[in-house]
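**Q** This is the structure I want to talk about, given as structure tokens.
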2 protein chains.
Amino acid sequence: MNIGDAAKATNLSPKTIRYYESINLVIADRLSNGYRDYADAHIHKLRFVQRARGLGFSIEDCRALLSLYEDRNRASAEVKNIAQKHLEEIEAKINELQDLQETLSHLVAHCAGDHRPDCPIMDGLSGTVHETAKGTSKLH
Amino acid sequence: MNIGDAAKATNLSPKTIRYYESINLVIADRLSNGYRDYADAHIHKLRFVQRARGLGFSIEDCRALLSLYEDRNRASAEVKNIAQKHLEEIEAKINELQDLQETLSHLVAHCAGDHRPDCPIMDGLSGTVHETAKGTSKLH
DNA sequence: CATAGGGATTCCAGTGACTGGAAGGTCAAG
DNA sequence: CTTGACCTTCCAGTCACTGGAATCCCTATG
């Protein structure tokens, strides 16, 4: 199975599959013409990574999860540990974004949004206005 | 005022301030020795950008907002438009993350997390298990 | 006056996870 | 034999910085 078919089978792009190989995540065999060759085991690994990425795991998490996936003697505790950490990061980010949402939606709600220059959003950004007791939020 | 003091006054790093200048966002004057020189107007702009970034606006949004900030004849509608779009992106991302959180927290909750290899998280990632009717989520 | 330090300057490279595009090799069909 | 669809590699760009190297400038002290 060549890379195009592997792409269809995994819902990844050929580019992404080549990228995964370049970082030694999933390495295909090669045919005599230099083309990559994908067997079922490769497809399973790629689909595994595709799902893990879809759940927001980083590539390094995927690498760790993949090696646990291949390990018949793994402890589920190791898997759970990775997933738990990731879940906490997601929850932290949700909280961050909800804070931003709250601040922004208030500003937006109070802006007339007409031809006049007066604008509570601008006032908020320029510090004209008393800040809410949040501390400056940082994304990422 | 040189860049170190400007950094303290704006809660940005000198690196970041130089970066902002390199992308023509906030351009300082120069002293005869080549040092950047920051006047009050520069500091106000930098603080404005710092707050906007803190609310998650992209640099390009900041650029647009800054030019509206400087425009005495702006229409608040333009500001609101930018903020509204950004707010919608934030809300979309919150929804995405909440979907992930739900899926992940279920998987994590059902994993024993002990020395045994059996693991519902792994089952979920390997596609062993029936998927919930969500469609594959994509992060960005 | 030499020197030591703490600034400042520029430029290059790296981050994460791809994606786009160029230049070229391979294969099956007509 | 040509066409077109595929494959290969490599380089560059994304976003918003951040780290680090090499060099320069300013002030204070011995």
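The values are calculated or read from the model by the stated rules, or taken from the named source; none is laboratory data. Worth saying up front: this structure is predicted, and the values here are computed from it rather than measured. Methodologically, a virtual Cβ is constructed for each residue, glycine included, from the backbone with ideal geometry; neighbour enumeration extends over all protein chains shown. For accessibility, only protein heavy atoms count, side chains too; no ligands or nucleic acids. Shrake-Rupley method; radii C 1.70, N 1.55, O 1.52, S 1.80 Å.
**Q** Output yes when any residue across the stretch B:14-30 is surrounded by 15 or more Cβ atoms within 10 Å (Cβ to Cβ), under 30 Å from A:Asp99 (Cβ atoms), among the polar types (S, T, N, Q) and in contact (Cβ under 8 Å) with a residue 12 or more places away in the chain, and no when none is.
**A** No: the stretch B:14-30 contains no residue that is surrounded by 15 or more Cβ atoms within 10 Å (Cβ to Cβ), under 30 Å from A:Asp99 (Cβ atoms), among the polar types (S, T, N, Q) and in contact (Cβ under 8 Å) with a residue 12 or more places away in the chain.
**Q** From the list A:Phe48, A:Phe57, which one is near DNA strand C (Cβ under 9 Å from one of its atoms) and within 12 Å of chain B (Cβ to nearest Cβ)?
**A** Only one candidate qualifies: A:Phe57.
**Q** Ok, one more. Condition first: away from DNA strand C (no atom under 13 Å from the Cβ), over 24 Å from the mean Cα position of the chain (by Cα) and not in a helix (DSSP H, G or I). Can you find one or more residues in the stretch A:16-27 that meet it?
**A** no
**Q** Go through the stretch B:35-79 and give me each residue that's part of a helix (DSSP H, G or I), open to solvent by less than 50 Å² (accessible area, probe 1.4 Å) and in contact with a Gly (Cβ under 9 Å, 6 or more places away or on another chain).
**A** Of everything in the stretch B:35-79, those that are part of a helix (DSSP H, G or I), open to solvent by less than 50 Å² (accessible area, probe 1.4 Å) and in contact with a Gly (Cβ under 9 Å, 6 or more places away or on another chain) turn out to be B:Phe48, B:Ser76, B:Ala77, B:Val79.
**Q** Any idea how many residues of the stretch A:1-13 are within 14 Å of chain B (Cβ to nearest Cβ) and either more than 14 Å from DNA strand D (Cβ to nearest atom) or more than 25 Å from B:Asp99 (Cβ to Cβ) (or both)?
**A** So the answer is 1.
**Q** Here is a further query. Are any residues in the stretch B:92-123 under 31 Å from the mean Cα position of the chain (by Cα), within 7 Å of chain A (Cβ to nearest Cβ) and open to solvent by 60 Å² or more (accessible area, probe 1.4 Å), and if so, which ones?
**A** B:Lys93, B:Gln98
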